[in-house]
Amino acid sequence: MRAPLLLVLLSSLAGCAGAPPPAPAPVAAATIPPAPPPPPPAVDDWRFSQPKPGQPAPLDYPEVQTGKLDNGLSLYVVRRPVGIVSLSLIAKSGGSSVPAGKSGLAGLTVRMMTEGTTAHSPLALAEAAEALGASIEESAGRDFVRLGITTLKDDMRRGLALLAEVATKPSFAPKELERVRREWLDGIEGERQNPSRLASLVGLRLLLGPVAGAPVNGSQHDVTALSRDDLVRFHKENFVPENLDLIVVGDVALDDVRPLAKDLLGRMQGHAPAVVPAPLPSEPTGGKVVIVDRPGSVQTALFIGQRFPKRSEPGYETRELMNDVVGGLFTSRLNANLREKHAYTYGVRSVDIATRDWGAFAVMTSVRTDTTDDALHEAFAELDGARDPKLGRPFSDDELNTGRADMKQSLGASLADAGEIADRVENLFIEGLAPDYYRKYPAMLDSADTAAIAKESARIAPNQSVVVVVGDRASIEPKLKARALTVVPAEESLLD
């Protein structure tokens with residue numbers, strides 16, 4: 001009885017082992033809600049307003065020590081804790097000191113002074129400077145010519161000896177003169193190929209006349225005609241002690257410089273030359289545009305210029321601040337209009353040119369040819385708005401504060417370089433300014449309030465401006481005439 005029952009049980013167990021267990025009932029997947037979107041960024045007002053300048057750091061301009069040698073040569077020394085010494089010799093005679101028909105004489109003379117002396121050939125002079133790790137530099141402006149060299153402090157005497165040799169013993173070798181003249185004439189020709197430069201050359205000649213308005217580098221005709229005797233005469237008349245200033249910037253004091261200067265420059269003799277300023281033509285009247293034709297040009301170079309006070313007339317610092325706001329800064333009124341608002345140009349600027357004998361206020365830019373007339377119209381509108389507050393554009397405190405910050409910080413930034421300090425200090429001698437001028441400069445800017453700016457900006461006179469355009473006459477002239485402007489071609493004498 002047990003055997004059949006056992007077989008039945010084993011069979012049941014075998015059947016159960018072969019069958020899979022029943023599948024569990026499916027469970028519905030849980031629904032996960034999507035993540036909420038991130039909150040929008042907070043709107044900060046500062047993102048929509050132009051940053052304002054911070055408080056300027058105190059500006060303590062270094063003391064300028066001054067003195068004279070017995071022969072009348074001036075000494076200006078600025079002590080700075082640096083390892084190099086900048087040496088500059090300035091003659092208070094430049095492009096404005098040359099006779100009619102001798103344009104380029106001042107610049108060519110000082111250039112030739114660096115091309116050899118009676119003691120050193122051009123190559124030997126260059127090697128002597130290179131032995132000091134330096135080079136002899138020269139430049140010329142309307143009111144000055146400059147010679148300079150920068151050496152290590154330990155080499156100051158050797159550097160000054162070389163500079164004194166160049167200043168007192170130039171050879172003006174005929175062969176070297178002809179070589180330099182060819183280079184000089186090539187540079188003049190290259191300048192005339194630059195439309196912006198050409199517009200300025202023509203504009204200043206129209207504004208100031210053929211003598212005062214002649215370029216410092218000269219015309220091709222005048223430079224070609226200059227003789228060696230002309231250079232010798234300019235040097236003899238102008239490189240005299242009463243007309244010279246030695247500027248030294250470095251870790252030295254006036255008492256360190258004086259004996260060296262006396263030893264190397266104290267035997268110079270002569271008196272300052274008497275120069276009669278060239279007469280200026282009558283002031284221009286508006287409504288006329290002088291055009292220099294450049295067929296096919298896709299851009300037009302513009303020059304708008306008028307007379308302005310010379311450097312010595314009161315209010316110079318105020319005029320400089322006014323110019324910064326009108327056209328000197330990237331954020332200026334002219335640039336905001338012609339570049340930012342209308343996209344006529346990549347940039348426009350104005351300058352306040354102030355020399356010993358004359359001054360000028362000029363606006364310069366290059367614009368698309370098809371916008372020449374519109375750009376002139378907008379430029380004159382901005383100048384009228386600066387001239388007359390009643391037209392709705394009185395100068396604001398914010399504009400003046402931006403200009404003051406730029407001018408003060410530019411002065412402070414110049415202290416980082418001995419050469420830039422020398423460039424600033426030379427103006428003290430050239431213009432007859434007090435040695436502490438730059439120490440008082442920030443206070444002078446602060447005193448230039450909106451009333452003072454309005455007084456100086458009233459000098460802006462678009463209706464007494466010279467207007468020069470250099471571009472495609474065929475495209476420009478009809479639109480200018482449509483604005484009731486008289487268009488005349490530039491005379492050939494203005495292009496030389």
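The values are calculated or read from the model by the stated rules, or taken from the named source; none is laboratory data. Note that the structure is a prediction, hence the values are computed from the model and not measured. Here Cβ is always computed from backbone atoms with ideal geometry, including for glycine, and neighbour counts include all displayed protein chains.
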(request) Taking Thr151 as the residue in question, decide whether it is farther than 23 Å from Ala272 by Cα, modelled with pLDDT of 95 or more and not basic (Lys, Arg). (result) yes
(message) I'd like to verify a number: residues in segment 319-378 that are among the aliphatic types (A, V, I, L, M) and without any contact (Cβ under 8 Å) to a residue 60 or more places away in the chain, how many?
(response) 8
(message) Out of Val363, Val367, I need the residue that is under 17 Å from the mean Cα position of the chain (by Cα) and either not in a helix (DSSP H, G or I) or not charged (D, E, K, R) (or both). Which one?
(response) Val363
(request) Output the number of the condition that Thr355 fails; it satisfies all remaining conditions of (1) closer than 15 Å to Leu329 by Cα; (2) buried (at least 21 other Cβ atoms within 10 Å of the Cβ). (result) (1)
(message) I'm checking my understanding of the structure. Among residues of segment 108-138 that are hydroxyl-bearing (Ser, Thr, Tyr) and out of contact with any Leu (no Cβ under 9 Å at 6 or more places or on another chain), which one is surrounded by the most Cβ atoms within 10 Å (Cβ to Cβ)?
(response) Ser121
(request) Only one of these is surrounded by fewer than 19 Cβ atoms within 10 Å (Cβ to Cβ), at pLDDT 95 or above and among the small types (Gly, Ala, Ser): Ala375, Ala336, Ala360. Name it. (result) Ala336
(request) Would you tally the residues in segment 463-480 being part of a loop (DSSP other than H, G, I, E, B) and either touching a Phe, Trp or Tyr at 6+ places or on another chain (Cβ under 7 Å) or surrounded by fewer than 24 Cβ atoms within 10 Å (Cβ to Cβ) (or both)? (result) 1
(request) Quickly run through segment 115-153 and pick out the residues that are assigned to a helix (DSSP H, G or I) and in contact (Cβ under 8 Å) with a residue 12 or more places away in the chain. (result) Pro122, Leu125, Ala128, Ala129, Lys153
(request) Among the residues of segment 201-217, write down those that are assigned to a loop (DSSP other than H, G, I, E, B), in contact (Cβ under 8 Å) with a residue 60 or more places away in the chain and within 21 Å of the chain's Cα centre (by Cα). (result) Ala214, Pro215, Val216, Asn217
(message) Would you confirm, using the coordinates I've provided, whether Ala405 is touching a Gly at 6+ places or on another chain (Cβ under 8 Å), of a type in the set (A, V, I, L, M, F, W, C) and assigned to a helix (DSSP H, G or I)?
(response) no
(request) Evaluate the following for Ala405: is it surrounded by fewer than 22 Cβ atoms within 10 Å (Cβ to Cβ), at pLDDT below 95 and within 22 Å of the chain's Cα centre (by Cα)? (result) yes
(message) Please pick out the residue among Arg192, Arg182 that is closer than 27 Å to Leu125 by Cβ and surrounded by fewer than 22 Cβ atoms within 10 Å (Cβ to Cβ).
(response) Arg182
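For every residue, the table says whether it meets (1) touching a residue at least 60 places away in the same chain (Cβ under 8 Å); (2) in contact with a strand residue (DSSP E or B) (Cβ under 6 Å, 6 or more places away or on another chain); (3) over 29 Å from Glu191 (Cα atoms).
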{"residue": "Glu420", "(1), (2), (3)": "no, no, no"}
{"residue": "Glu426", "(1), (2), (3)": "yes, yes, no"}
{"residue": "Ala434", "(1), (2), (3)": "no, no, yes"}
{"residue": "Tyr441", "(1), (2), (3)": "yes, no, yes"}
{"residue": "Ala448", "(1), (2), (3)": "yes, no, yes"}
{"residue": "Ala458", "(1), (2), (3)": "yes, no, yes"}
{"residue": "Ala484", "(1), (2), (3)": "yes, no, yes"}
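To keep it simple, each residue is scored yes or no on (1) of a type in the set (Gly, Ala, Ser); (2) within 15 Å of Gly419 (Cβ to Cβ).
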{"position": "Pro62", "(1), (2)": "no, yes"}
{"position": "Gly72", "(1), (2)": "yes, no"}
{"position": "Ile90", "(1), (2)": "no, yes"}
{"position": "Val98", "(1), (2)": "no, no"}
{"position": "Ala119", "(1), (2)": "yes, no"}
{"position": "Asp154", "(1), (2)": "no, no"}
(request) Could you grab me the full set of residues in segment 206-244 that are crowded, with 21+ Cβ neighbours inside 10 Å, in contact with a Leu (Cβ under 8 Å, 6 or more places away or on another chain) and within 16 Å of Pro170 (Cβ to Cβ)? (result) Leu226, Leu231, Phe234, Leu244
(message) Looking at (1) within 21 Å of the chain's Cα centre (by Cα); (2) surrounded by fewer than 17 Cβ atoms within 10 Å (Cβ to Cβ), which one does Lys390 not meet, given that it meets all the others?
(response) (1)
(request) Taking only segment 283-330 into account, find how many residues are over 29 Å from Pro389 (Cβ atoms) and either among the aromatic types (Phe, Trp, Tyr) or loosely packed, with under 15 Cβ neighbours inside 10 Å (or both). (result) 3
(request) Working carefully through the options Gly327, Gly286, Gly296, Gly305, find the one that is assigned to a loop (DSSP other than H, G, I, E, B) and within 20 Å of Leu383 (Cα to Cα). (result) Gly286
(message) Need the failing condition index for Asp397 against (1) of a type in the set (Asp, Glu); (2) modelled with pLDDT under 95; (3) within 25 Å of Gly203 (Cβ to Cβ), just the number.
(response) (3)
(request) Scan segment 244-283 for residues that are in contact with a strand residue (DSSP E or B) (Cβ under 8 Å, 6 or more places away or on another chain), assigned to a loop (DSSP other than H, G, I, E, B) and modelled with pLDDT of 95 or more and report the count. (result) 4
